[in-house]
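Participant: Here it is: the structure, laid out below.
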Amino acid sequence: MANVIVIGAQWGDEGKGKITDLLSKSADVVVRYQGGVNAGHTVVVQGQTFKLHLIPSGILYPDTECIIGSGTVIDPRLLIQEIDQLESLGVSTSNLMVSETAHVTMPYHCLIDQAAEEKRGEHPIGTTRRGIGPTYADKSERTGIRVVDLMNGHDLWDHLCRTISAKNQILEKLYDLPPLDPTAVLEEYLGYAERLRPHVVDSSLKIYEAVRRKRNILFEGAQGTLLDLDHGTYPYVTSSNPVSGGACVGAGIGPTVIDRVIGVAKAYTTRVGEGPFPTEIQGPLGEFLCQQGAEFGTTTGRQRRCGWFDGVIGRYAVRINGLDCLAVTKLDVLDQLAQIQVCVAYEIEGKTHQDLPTNSAVLSRCQPVYKTLPGWQCSTADCRQLSDLPPQALNYLKFLAELMEVPIAIVSLGPSRDQTIIVEDPIHGPKRALLHGNGLPTA
Ligand code: GDP
Ligand code: IMO
Ligand code: MG
C-alpha cells in the first residue's frame, strides 16, 4: 500500500496518462494537482482511445475517486465538454470531484494568452493558448476567480465587476481586441456553475480523509519537470509546478503522506513548443521518430519535436523530484533502429558538463556528448516480461537506469494497458525496483 506521485521526467507527453491509468487499478483515489486543459493525457483501453485534459486518468475505473485539486486551473466550459464526452462513451463521472479553491480560467485569460503569443512575434513561448499563464498570473496577483466564487452568483458578479474593466483595457488598448460584456460572461459562467456544482468539494479535506482511511492515493502530474515554472527551462515553461514537490502544495497535503515518486520518461525525448532541446534530431530521423511514435500533441495537434534520450535532463529529473523509480515508455518506437544514441553529458565551449545549466540561453548552446548503443531491430510490442526482450533492448534499459542512477519499475511497449512489463508494482511491491543499471546491485 502506498501513496504515489507520478510525474513527467522530460518536457511532457511522456505517457503519464497510460502509466496513471495502469496504476489506477490499485488506487482508491487519483488526484490531479496542477496545470489545466493544457495537458493532454491519452489512455487506450481495449482499442478505445480516451483523451483527458483535466480529469484524472483514474476515471476509467468506476470505483476510483478522481479529484481535480486546488493547484489546478479550471476552464469550466472545457471541463464540462470533457465530462460530457466521457459520459457519451459510457464512462461514469459520478466519482469526479473538483476543488473549490482551484482557480477558474475566464474568457479574458484565453484571449490574452492568444494575443500575447501573437505579440511575441518571432519569439513566442509556443503556449497551448488555453489561458493557463494568465490564469496563474491572476492567482499570484490575487485577482483570480476561484471555483468557490463561481458557485456564488453574487461573489462572481462582484469579482467580475472588479476585474473585467481592467481586462477590457488590456484587450482594447494593448491588443486592439473588442471588450467583453460582463453581463454575458456572468450568464454563461452561472450556467457552468450549475453543471459543476455537484462535483465541487473541499479537496484537501477529501484527500486527508482518504489518507486517514489508509487508502491508496495516486497523484497524477501534468506537463513535465523541464516545463516546471521554477525548475524548468524558463521562460519556455508552463506556469505551474509539475515536479513532485508541486503535488503537496497542489493537493493540499503534507510531504509525509508520500511514499514513492515515479518518473515517467520516454525511451527518447520530445518537446512541443519553443525552447532549447539539445538532443533534438532534425531531418529524416527526427521525422521517423515522430511518425513511429505518433508524436502529435493531444491538446493542440502540433507536431512534437523529437530527439535522443537525454541523460543530463534525466539525472536532473531524478534530483528535482527525488525519484524512487522510472517508468520508461515507448521503447517500441526504437525497434527498427540499427543504432541508438544517448546523451551522457553536454559540451559547452570545449568543456564537458554533467549537470543541466540553469540558464536556457546557455542550454541552447550545449552540444550533446553521445554514447552509441546497438539497436535490436525486431518488434518488442509483444514482450510481457524482461526475459522476452531482445538483449540489446534490455541492455539499453540498463544503460538508462545506470545513467540516471535510478531503477526501472515499468517498461511500456505500446499504448494499451497490456503492452507493458511491470518489473515491480510501485504501489504494492516492496520499496525497491528490480531493473538496475549494470553497475548497480540488483537487489
Ligand atoms: P502524457 O501527456 O504524458 O499522458 O502523454 P500523451 O498521452 O500526451 O502522449 C503519449 C502518447 O504515446 C499517447 O498517444 C499514448 O497513447 C502513447 N503511448 C504511451 N505509451 C506508449 C508506448 O509505450 N508505446 C507507444 N508506441 N505509444 C505509447
Ligand atoms: P501533458 O500533461 C507537453 C508546453 C507548451 C508550451 C509550454 C507553455 O500532456 O504532458 P502553456 O499553455 O502551459 O502556457 O504552454 O508548455 N506544454 C506542454 N507540452 N505536454 C503538456 O502537457 C504540455 N502543457 C503545456 O507546448 O511549450
Ligand atoms: Mg500529453
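The values are calculated or read from the model by the stated rules, or taken from the named source; none is laboratory data. The structure presented is a predicted model; accordingly, all values stated were derived computationally and were not measured. Virtual Cβ from ideal backbone geometry, glycine too; neighbours counted across all protein chains shown. SASA here: full protein model, heavy atoms, side chains in, ligands and nucleic acids out. Shrake-Rupley method; radii C 1.70, N 1.55, O 1.52, S 1.80 Å.
Participant: Tell me yes or no: at least one residue of region 31-39 is away from ligand 2 (no atom under 16 Å from the Cβ), part of a loop (DSSP other than H, G, I, E, B), at pLDDT 95 or above and among the β-branched types (Val, Ile, Thr). Spell out the reasoning first.
Facilitator: Step one: filter region 31-39 for residues away from ligand 2 (no atom under 16 Å from the Cβ), giving none.
So far as region 31-39 goes, no, none of its residues is away from ligand 2 (no atom under 16 Å from the Cβ), part of a loop (DSSP other than H, G, I, E, B), at pLDDT 95 or above and among the β-branched types (Val, Ile, Thr).
Residue by residue, here is whether (1) within 20 Å of the chain's Cα centre (by Cα); (2) farther than 25 Å from residue 230 by Cβ holds:
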{"residue": "275", "(1), (2)": "yes, no"}
{"residue": "301", "(1), (2)": "yes, yes"}
{"residue": "330", "(1), (2)": "yes, yes"}
{"residue": "356", "(1), (2)": "no, no"}
{"residue": "360", "(1), (2)": "no, no"}
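Participant: Please tell me if residue 271 is free of Cβ contacts under 8 Å to residues at least 60 places away in the same chain, within 15 Å of ligand 3 (Cβ to nearest atom), closer than 25 Å to residue 358 by Cβ and touching a strand residue (DSSP E or B) at 6+ places or on another chain (Cβ under 8 Å).
Facilitator: Considered against the rule, which asks whether it is free of Cβ contacts under 8 Å to residues at least 60 places away in the same chain, within 15 Å of ligand 3 (Cβ to nearest atom), closer than 25 Å to residue 358 by Cβ and touching a strand residue (DSSP E or B) at 6+ places or on another chain (Cβ under 8 Å), residue 271 comes out as no.
Participant: State which residue pairs qualify: first residue farther than 16 Å from residue 134 by Cα and in contact (Cβ under 8 Å) with a residue 12 or more places away in the chain and inside region 144-173, second residue open to solvent by 50 Å² or more (accessible area, probe 1.4 Å) and part of a helix (DSSP H, G or I) in any location, beta carbons under 6 Å apart, and separation of 6 or more residues or different chains.
Facilitator: If the second residue must be open to solvent by 50 Å² or more (accessible area, probe 1.4 Å) and part of a helix (DSSP H, G or I), the pairs left are 149/155; 153/190.
Participant: Among residues belonging to region 274-313 that are open to solvent by 10 Å² or more (accessible area, probe 1.4 Å) and aliphatic (A, V, I, L, M), point out the one that is farthest from ligand 3 (Cβ to nearest atom).
Facilitator: Looking at the filtered set, the residue picked out is 285.
Participant: Restricting to region 362-388, and then to whatever is aliphatic (A, V, I, L, M) and free of Cβ contacts under 8 Å to residues at least 40 places away in the same chain, can you tell me which residue is surrounded by the fewest Cβ atoms within 10 Å (Cβ to Cβ)?
Facilitator: For region 362-388, the residue satisfying everything is 362.
Participant: Counting only residues that are open to solvent by 30 Å² or more (accessible area, probe 1.4 Å) and either more than 10 Å from ligand 2 (Cβ to nearest atom) or of a type in the set (S, T, N, Q) (or both), how many does region 1-25 have? Don't jump to the end; show me each part of the working.
Facilitator: The initial filter retains those residues of region 1-25 that are open to solvent by 30 Å² or more (accessible area, probe 1.4 Å), namely 1, 13, 25.
Right, trim to either more than 10 Å from ligand 2 (Cβ to nearest atom) or of a type in the set (S, T, N, Q) (or both) and you get 1, 25.
Residues in region 1-25 being open to solvent by 30 Å² or more (accessible area, probe 1.4 Å) and either more than 10 Å from ligand 2 (Cβ to nearest atom) or of a type in the set (S, T, N, Q) (or both): 2 in total.
Participant: For residue 199, state whether it is within 16 Å of ligand 2 (Cβ to nearest atom) and crowded, with 17+ Cβ neighbours inside 10 Å.
Facilitator: Here the answer is no, as residue 199 does not meet what is asked.
Participant: Might you let me know whether region 227-243 holds any residue that is in contact (Cβ under 8 Å) with a residue 40 or more places away in the chain, polar (S, T, N, Q) and within 18 Å of residue 326 (Cβ to Cβ)?
Facilitator: Looking for residues that are in contact (Cβ under 8 Å) with a residue 40 or more places away in the chain, polar (S, T, N, Q) and within 18 Å of residue 326 (Cβ to Cβ), one finds none in region 227-243, hence no.
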